[in-house]
């Protein structure tokens, strides 16, 4: 198989035009693609005239500090809630059952029902 000029052979049976060339099916030649003229790349932003309003710093570090402080408070509150829940569960586990009539037994029973309600696969189901 004969490939046209400005092309190369691959897979021993196929021809492909060189980069920058297009294949014309009617005349079966590879021609240089220069119809659009030179290619320009421009972002449209003039970085030399780019200015920020005011003469202050680029970032307002006070707002960043307030944000991180509120996140720290949120994390501390989450940690306190988790620790209090674990202490409550430990206390409910160690409390006397009272023959199944005490308030702590009923609380433990209802907490165990939550396991069945929210578990996707449970040994009782």
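The values are calculated or read from the model by the stated rules, or taken from the named source; none is laboratory data. In this text the structure is predicted, and so the values were computed from the model without any measurement. Cβ atoms come from the backbone with ideal geometry, glycine included; neighbour counts cover every protein chain shown.
Out of the residues in region 1-19 meeting the condition of being within 44 Å of the chain's Cα centre (by Cα) and exposed (fewer than 14 other Cβ atoms within 10 Å of the Cβ), tell me which one is nearest to residue 34 (Cα to Cα). Can you show your working first?
Just the residues of region 1-19 that are within 44 Å of the chain's Cα centre (by Cα), to begin with: 7-11, 14-19.
Retained after the next criterion (residues that are exposed (fewer than 14 other Cβ atoms within 10 Å of the Cβ)): 8-11, 14, 18-19.
Details: 8: 20, 9: 23, 10: 25, 11: 28, 14: 25, 18: 14, 19: 12 Å.
Top of the filtered list is 19.
Could you tell me which numbered condition residue 22 fails, if it satisfies all but one of (1) modelled with pLDDT of 85 or more; (2) surrounded by fewer than 10 Cβ atoms within 10 Å (Cβ to Cβ)?
Checking residue 22 against (1) modelled with pLDDT of 85 or more; (2) surrounded by fewer than 10 Cβ atoms within 10 Å (Cβ to Cβ), the one that fails is (2).
Can you go through 80, 29 and tell me which one is surrounded by 10 or more Cβ atoms within 10 Å (Cβ to Cβ), under 30 Å from residue 4 (Cβ atoms) and at pLDDT 70 or above? Before you say what the answer is, go through the steps one by one.
Numbers: 80 fails: under 30 Å from residue 4 (Cβ atoms).
After ruling out the rest, the residue left standing is 29.
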